[in-house]
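These notes are about the structure you will find just below.
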């Protein structure tokens, strides 16, 4: 299980989706390797809502487990602009 409020650094580029309010649908984006996401919510269907680069995105929890590593509290995450 993924815990809300935790931060993860992605070890490889990972696809996420974010709403495009102007177009009224979601668009796919790539969060690069080294990107740090903050867990905002995990749905029962395994989709995780994350904060990244001042955006709210959704990604699969499985991708986060396979491609991410937890960033310990008190480290570089203190400087993130969420």
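The values are calculated or read from the model by the stated rules, or taken from the named source; none is laboratory data. From a predicted model like this one, the values you see are computed outputs, not experimental measurements. Cβ atoms come from the backbone with ideal geometry, glycine included; neighbour counts cover every protein chain shown.
With respect to the stated conditions, residue 44 is assigned to a loop (DSSP other than H, G, I, E, B) and at pLDDT below 95. The conditions of being surrounded by fewer than 14 Cβ atoms within 10 Å (Cβ to Cβ) and in contact with a helix residue (DSSP H, G or I) (Cβ under 8 Å, 6 or more places away or on another chain) are not met by residue 36. The number of residues in the range 15-24 that are at pLDDT 90 or above and either in contact with a helix residue (DSSP H, G or I) (Cβ under 6 Å, 6 or more places away or on another chain) or exposed (fewer than 14 other Cβ atoms within 10 Å of the Cβ) (or both) comes to 1.
Close Cβ contacts (under 9 Å, 6 or more residues apart or on different chains) running from residues in the range 55-82 that are under 13 Å from residue 12 (Cα atoms) to residues that are modelled with pLDDT of 95 or more and part of a loop (DSSP other than H, G, I, E, B) comprise 66/11; 66/12; 67/11; 67/12; 67/13; 67/33; 68/11; 69/11.
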